[in-house]
Every structure is written in structure tokens, then in C-alpha cells.
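Report on the following structure.
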Amino acid sequence: MIDPQSLLKVIERFPGARAVLYGDLVLDRFILGTPKRISREAPVIILRHERQEDIAGGGANALANLASLGIRIQPVGVVGDDEPGRSLLNLLDRQGIDTTRIVTVSEYQTPTKVRILGGGASSLKHQVARYDIEDQLPAEGNWTTLLAENLAAAALEADAVAVSDYGYGSVTAKILSAIEGSRSSVRWTCLDSRYRIGLFPGVGGATPNLGELEAFAGKPLKTDQAVSEAAEDLRTTLGAQFVLATRGNKGMTLAEGDRAPIHIPVFGTDEVADVTGAGDTVLAVLVASLAAGATPGEAAVLANIAGGLVVMKLGTATVNADELSRAVHSLQSQS
């Protein structure tokens, strides 16, 4: 059992921690409207447009969570030379995030997830449709060199690196290896990869969800023991110090090799409001905690608490240090 006081001390150290977010930067765009009528042309609802809201998504959501926690954060990634890319950069600028190491690629469309929500003027809006603008980075061009140089430079002043791979091409093992060639102060590199979790040897930790871990294992994982064994197999494959498997309403499982696996029960209720971006929050709090000197066990517990908090919020959301502290205090009062 981890002492809540040790968790509170980790959170207190967040302002002195330094991290890099290297990953696929995505714009989450929400179009909100009120229903008018059913179309005469097709069996669909016609909405009267109310407003548009843009929020940092994908790796940029993990970045926003890191900034919300109060640590010093430097993003390294790519956007397109387009309106969504400019909107995303403006969002980050308004949060006080330094965007100078984000590379703009003219032949690339910024990944954008457009969610259309409808509902009454004074009622909760519900998602009625979604479309994604997706692209792959060009194979040729100087963006890879620039990204590697930016990552190496950013790592010189970082305690930890969060790697957020959504499969759009900006995250590669070759670029990630630029950290090894620099005089970096990085103690931890933690990976969240949607499709290629086993292809980044040398990372310090990884945070697969259950589906990603099952894809790596090639079979369903129905029990705690099965999850523990698959997490340990992944840890061995990566040469990592730990793997933290997120399991939805079953909490998380931490595998650390020579230590017995730890099963962390879900924090709060299993009645969730929205799981959008929960994995980004988990990655952010894990990395912030490690950057602040936490052990993997302490970092995992804080990440689990953050995951329980963020799924109670609608849409792409973040968790801050005050919320984390209050949640730890609630655990302390229950013990």
C-alpha cells in the first residue's frame, strides 16, 4: 500500500519538474447545434449551428494535461500548414505552451477529429456524427531531421519524455533515438502507442490499454494473471523498466519485472461520463510524476486516480494538480 503522503509530496514537486511531449498532435473540433427538423431529402436531423469549439487532442491532449498539472513542458511534433494546424498552435499558445519546437509541414493535413453534437438550447448536447481528417506525413522532406534535432535539444533540459503515437507518422524509433545521442538529463521515456506498442525498444515504460495489450499478446486477456503475464512479456520485449496496462473499469496492472505485479483498482465509480482522451491523461500524469521523482508504483497510482477523475468529465478534458491532491486526500480520509 502506497502512503498517500508520499503521493502528495510528488504532486508538490510538479512545478519543478520538466518534461517533453513528443507525439502526434491532433485537433479535436466540436460543432454544436440545436435540432430544427428532419430533412426532407434524407432521414437525418438538421441542426441549426450554434458554435464551434476547438480543443487540443491526441498527443496535444496529453500535452494540455501536462501543462494543466503545472510542470514545465516542451512539445515536439508536427502540424500542417492549414487552418486546423494554426488553430491548434493558437490553443497551445494561449495555454502558455512554447510551440517553437513544433514543425510545420506544408504537404501535410493536421489530423482533425470533427464531432457534431446536437441538443436543445439549454440541454446537454449529444454526439450525432463524427468525421476525421487524416493524413500521413510525406516520406521525403527535412521534417524528420528537424524533429530529431528539436527532440534532442528539448531533451537537454527535461527529466522525462512522454511519447504519444497515434499512428500519423511523426513518431518513429529513429527520431526517438535522438535522445540517446544528446547530453540529455532524461531519466524516463514513457510510451503510449495505439498500433505499434512493441516496436520502440529502449523506452523506460509503456502504457497500453487492454485492447493494445491483447493485440500484442495475440489473444484475449480475461484474468489478472493473463494481463500480468502479457504486460511482463511486453516489458521484456521493450527492455523497459515497467509496463502499466490500463483496463477500464478493472483499474490498472503494473508489471516491473523482478517485483510482483500490482493490480490497482479503479478510482471512483465505474459509471463513466466520457472516456475520450483518458489514455492521454494517464500518460501525462504518469510522466509528470516520474519527472517529479516518483517511483513507478507511485506514478501508477496517481495516473490511475487521474484516469478516474477525467472520465467523469465530458469531452476531451484535463486534470490539474489541485484535483489530484483533493482525490489523494479523499483516499487518506478513507484509510
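Whether any residue in region 157-164 is without any contact (Cβ under 8 Å) to a residue 40 or more places away in the chain, more than 21 Å from G279 (Cα to Cα) and either out of contact with any Phe, Trp or Tyr (no Cβ under 7 Å at 6 or more places or on another chain) or in a strand (DSSP E or B) (or both) is what I want to check. Even if it seems obvious, please write down each step before you answer.
In the first step, residues of region 157-164 are kept if they are without any contact (Cβ under 8 Å) to a residue 40 or more places away in the chain; the result is none.
Among the residues of region 157-164, not one is without any contact (Cβ under 8 Å) to a residue 40 or more places away in the chain, more than 21 Å from G279 (Cα to Cα) and either out of contact with any Phe, Trp or Tyr (no Cβ under 7 Å at 6 or more places or on another chain) or in a strand (DSSP E or B) (or both), which makes the answer no.
I need a count of the residues in region 214-250 that are part of a strand (DSSP E or B), free of Cβ contacts under 8 Å to residues at least 40 places away in the same chain and of a type outside the set (G, A, S). Working first, answer last.
Here is the first cut: in region 214-250, the residues part of a strand (DSSP E or B) are 242-246.
Remaining after also requiring free of Cβ contacts under 8 Å to residues at least 40 places away in the same chain: 243, 245.
If we keep only those that are of a type outside the set (G, A, S) as well, we get 243.
Residues that pass the stated criteria total 1.
Hey, does region 246-265 have a residue that's over 18 Å from the mean Cα position of the chain (by Cα), modelled with pLDDT of 95 or more and buried (at least 24 other Cβ atoms within 10 Å of the Cβ)? Scanning region 246-265 turns up at least one residue that is over 18 Å from the mean Cα position of the chain (by Cα), modelled with pLDDT of 95 or more and buried (at least 24 other Cβ atoms within 10 Å of the Cβ).
The residues of region 201-245 that are polar (S, T, N, Q) and in contact with a Cys (Cβ under 9 Å, 6 or more places away or on another chain) amount to a single one, T207.
In region 9-88, counting only strands (runs of 3 or more DSSP E) that sit wholly within it, the ones holding 1 or more residues that are basic (K, R) and surrounded by fewer than 14 Cβ atoms within 10 Å (Cβ to Cβ) span 25-38, 45-58. Just one of (1) aliphatic (A, V, I, L, M); (2) in contact with a Ser or Thr (Cβ under 7 Å, 6 or more places away or on another chain); (3) surrounded by 20 or more Cβ atoms within 10 Å (Cβ to Cβ) fails for L176. It is (2). Being modelled with pLDDT of 95 or more, surrounded by fewer than 18 Cβ atoms within 10 Å (Cβ to Cβ) and either more than 25 Å from Y22 (Cα to Cα) or of a type in the set (S, T, N, Q) (or both) is the filter here, so list the residues in region 132-160 that pass it. If the condition is that a residue be modelled with pLDDT of 95 or more, surrounded by fewer than 18 Cβ atoms within 10 Å (Cβ to Cβ) and either more than 25 Å from Y22 (Cα to Cα) or of a type in the set (S, T, N, Q) (or both), then T145 is the only one that fits. The set of residues from region 19-49 being closer than 14 Å to Q127 by Cα and in contact (Cβ under 8 Å) with a residue 24 or more places away in the chain comprises D28, R29, F30, I31, L32, G33, T34, P35, I45, L47.
Taking into account only those residues within region 92-120 that are touching a Pro at 6+ places or on another chain (Cβ under 9 Å) and in a strand (DSSP E or B), which is nearest to Y166 (Cα to Cα)?
Result: T112.
In region 287-327, what residues are part of a helix (DSSP H, G or I) and β-branched (V, I, T)?
V287, V301, I305, V310
The set of residues from region 195-213 being assigned to a loop (DSSP other than H, G, I, E, B) and modelled with pLDDT of 90 or more comprises R196, I197, G198, L199, F200, P201, G202, V203, G204, T207, P208.
The values are calculated or read from the model by the stated rules, or taken from the named source; none is laboratory data. Values in this document were obtained by computation on a predicted structure and should not be read as measured data. Don't worry about glycine lacking a Cβ; one is built from the backbone with ideal geometry, like all the others, and counts go over all protein chains shown.
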